[in-house]
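The values are calculated or read from the model by the stated rules, or taken from the named source; none is laboratory data. All values derive from a computational prediction rather than experimental measurement. Here the Cβ positions follow ideal geometry from the backbone for every residue, glycine too, while neighbour counts run over all protein chains shown.
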Amino acid sequence: MAAVKADNTEDAKRLIGKGANANTRTSPTGWSVLHYAARNGNVELVEALLNAGADPNYAGAMEGQAGSVISLKPVVIARANLDLVSQIPASSMETTLRENGLSDPALVKSMKDPTAADRYQKVVDALTKVTNP
């Protein structure tokens, strides 16, 4: 979980290769590692997790929101982030995220990257292929 949340592709893939649970969650009803890989726009990790058996149809609540009526599938998170990076210029992204309470370093780095729209589109495409409507 820590490697995926931090968007550390190398460590996460190494742990997956050693048998780490591809369906690890922050809590019984919380986000899975696939949610965080999708949130970070990391198609390489999304594909590695899917290949290791991650459930793309699991809908979980974000950390600290267990019991929330808002449970999302990873593809929904990736689509929302794709919408954001398509509408907000990369130069304004960090400020916009921080003003809205989204200061996670991995998320900020991912979303302010000029290639973010392409990466999130690839994540959406990968997840759409395997997610039930």
**Report entry** Filter pass, Arg79 being under 17 Å from Asp118 (Cα atoms), crowded, with 20+ Cβ neighbours inside 10 Å and either at pLDDT below 95 or of a type outside the set (Gly, Ala, Ser) (or both)
**Finding:** no
Query - the range 78-102: number of residues that are among the small types (Gly, Ala, Ser), within 18 Å of Asn42 (Cα to Cα) and over 14 Å from the mean Cα position of the chain (by Cα) - result: 2
Requested in this report: Using the structure shown, decide if Ser27 is farther than 14 Å from Val4 by Cα, touching a Phe, Trp or Tyr at 6+ places or on another chain (Cβ under 9 Å) and either of a type in the set (Phe, Trp, Tyr) or surrounded by fewer than 14 Cβ atoms within 10 Å (Cβ to Cβ) (or both).
Outcome: no
Report summary line: Within the range 102-133, of all residues that are outside any helix (DSSP H, G or I) and among the polar types (S, T, N, Q), the one surrounded by the most Cβ atoms within 10 Å (Cβ to Cβ) is Thr131
Report summary line: Matching residues in the range 1-20 (outside any loop (DSSP other than H, G, I, E, B) and within 21 Å of Leu84 (Cβ to Cβ)) number 2
Requested in this report: Filter the helices (runs of 4 or more DSSP H) completely within the range 21-101 down to those with at least 1 residues that are more than 23 Å from Asp11 (Cα to Cα) and without any contact (Cβ under 8 Å) to a residue 60 or more places away in the chain.
Outcome: 74-87, 90-99
Requested in this report: Could you tell me whether Asp7 is over 18 Å from Ala78 (Cβ atoms) and charged (D, E, K, R)?
Outcome: no
Query raised in the report: What number of residues within the range 4-57 are under 21 Å from Ser103 (Cα atoms), of a type outside the set (Val, Ile, Thr) and within 12 Å of the chain's Cα centre (by Cα)?
Result: 14
Requested in this report: Could you pull out the residue among Ala80, Ala3 that is farther than 25 Å from Asn132 by Cβ and among the hydrophobic types (A, V, I, L, M, F, W, C)?
Outcome: Ala3
